[in-house]
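See structure below.
Quick note: the coordinates plus some simple rules give every number you see, no bench work behind them. Not measured: the values here are computed from a predicted model. Here Cβ is always computed from backbone atoms with ideal geometry, including for glycine, and neighbour counts include all displayed protein chains.
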Amino acid sequence: MDVVNQMQRQFVDYSTSLHREGILDDQFTQLQKLQDENSPDFVVEVASLFFEDCEKLINNMARALEQQGVDFKQVDASVHQLKGSSSSIGAVQVKNVCIAFRSFCEAQNREGCLRCLQQVTHEYSLLKNKLQTLFRLEQQILAAGGSIPVIE
Amino acid sequence: MARIGGVTWRRTGKIDGEVHVLAVDDSLVDRKVIERLLRISSCKVTAVDSGIRALQFLGLDEEKSSNGFNDLKVDLIITDYCMPGMTGYELLKKVKESSAFREIPVVIMSSENVLARIDRCLEEGAEDFIVKPVKLSDVKRIKDYMTRDFRVGEGEEKERTRKGINKRKQRDSFDDLSSSPPSILSSPISSSSSSSPSPQSPSPSPPSIISASAPSSPPLDSPTRRLKTTSSE
């Protein structure tokens, strides 16, 4: 079972690093705890919904910011939604960009908004890659007959 | 079952069986999470994406109330505050105005911790107000006092215990101090669109770390503490 132990350690290390780097917060751990044999793919499912949401909302924001007369309320509405879902999944860096983003919407600052849009796109891509790696590690452990360690 | 934070998880003698919760949230991600939180807490869940659909489910959308009683046996409504179309607050009002459904406890969830908003909801008859993101401890807490209302054979009046908000915020401050701190951007934090001042930090979780100005928990005489809290936790 050495291989499984190694994979489990890798998983724990990787998961811990995501928290340490401030990419994920405790809410993500909360979601992991909700996963069990009755709902074995819960976290992956939530993450997928989140990624879909992100893409849709980022597109909305980009389109709105491209307009001649930017409707900042519309942009803000999308940012608010993104802030909400990122908070629910524990995507703290995405959430933090959204907080700053909303200030720029309130100030009707197009440049600031565009910078935040770029930042949020970057953070989302980063998170997506990292989570996909994490899920891959999980799959490997399960395929090798091991169980996913619980991270506190 | 387990003791969570001092609260004993009680199975009361609810004759009808499982507790049935109607969850209302326009966010797909949040609906998925709240559904799971409720199911794992042994609740039956119906999740809808708007206040209108919630009213339709209850049978309240018609001009006249359909048959005047809660035959879908919804035991709790938990709703997001900010939703397009009908807000959670408007849904709360509609439920409390209805003779058939006004006894159903309504819990409001919001990502924004705005005192005026919380007050307004509680005044309108909301049981509790949960600041998002919703955690398992929040669901356990509301289920606990909800099933207590249906206690069988004790001959007591229904208890309307208003607890939780300040307790949760207090608990949050202590809990989150031990978790890893999030990365913080250098730009100013300004999340609330409402103009009311609030002693609490604007960001829901973790308040004590992100906030630049607010204290980590409300002072003893702050408005949020005026709500009656039970000591039995």
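Measuring nothing but how far apart in sequence close Cα pairs (under 8 Å, 6+ apart) lie, relative to its length, region B:19-146 scores a relative contact order of 23 percent.
Extension gain, A:TYR14-A:GLU37: 0.36 nm per intervening residue step, less the Cα-Cα distance, totals 6.0 nm. Summing charges over all other residues whose Cβ lies under 13 Å from the Cβ of A:GLN108, with Lys and Arg as +1 and Asp and Glu as -1, gives -1.
Which translational diffusion coefficient, to the nearest whole µm²/s, is obtained for region A:6-69 from the Stokes-Einstein equation, given a Kirkwood hydrodynamic radius over C-alpha pairs, 10 °C and 1.306 mPa s? Don't skip to the end; give the middle numbers.
Working: Rh = 14.3 Å.
Calculated translational D: 111 µm²/s.
Summing charges over neighbours of A:SER17, with a neighbour being any other residue whose Cβ is under 14 Å away from its Cβ, gives 0 when K and R count +1 and D and E count -1.
Here the scattering of region A:48-134 is modelled by Debye summation over its C-alpha atoms, one equal scatterer each and no solvent; at q = 0.15, 0.16, 0.20, 0.22 Å⁻¹ the log10 of I(q)/I(0) is -0.47, -0.53, -0.82, -0.98. Here region B:19-146 is described by how far its Cα atoms reach on the three principal axes: 37, 33, 27 Å, from widest to narrowest. The orientation-averaged shadow of the Cα convex hull for region B:82-144, equal to a quarter of the hull surface, comes to 4.6 nm².
Return the FRET efficiency for the residue pair A:SER147, B:LYS44: r is the Cβ-Cβ distance, R0 is 41 Å, and the value is rounded to the nearest 0.05.
Values: r = 29 Å, r/R0 = 0.71.
FRET efficiency, A:SER147 to B:LYS44: 0.90.
Other residues whose C-beta falls under 11 angstrom from the C-beta of B:GLY85 contribute a net charge of -2, scoring Lys and Arg +1 and Asp and Glu -1. Given R0 = 41 Å, the distance between the Cβ atoms of A:GLU55 and B:SER99 translates into a calculated FRET efficiency of 0.35. Only Cα pairs under 8 Å and at least 6 apart count here; give the relative contact order of chain A as a rounded whole percent. Reported as a whole number, the value is 32 percent.
Equivalent-ellipsoid semi-axes for chain A (Cα gyration tensor, √(5λ), whole Å, largest first): 35, 13, 12.
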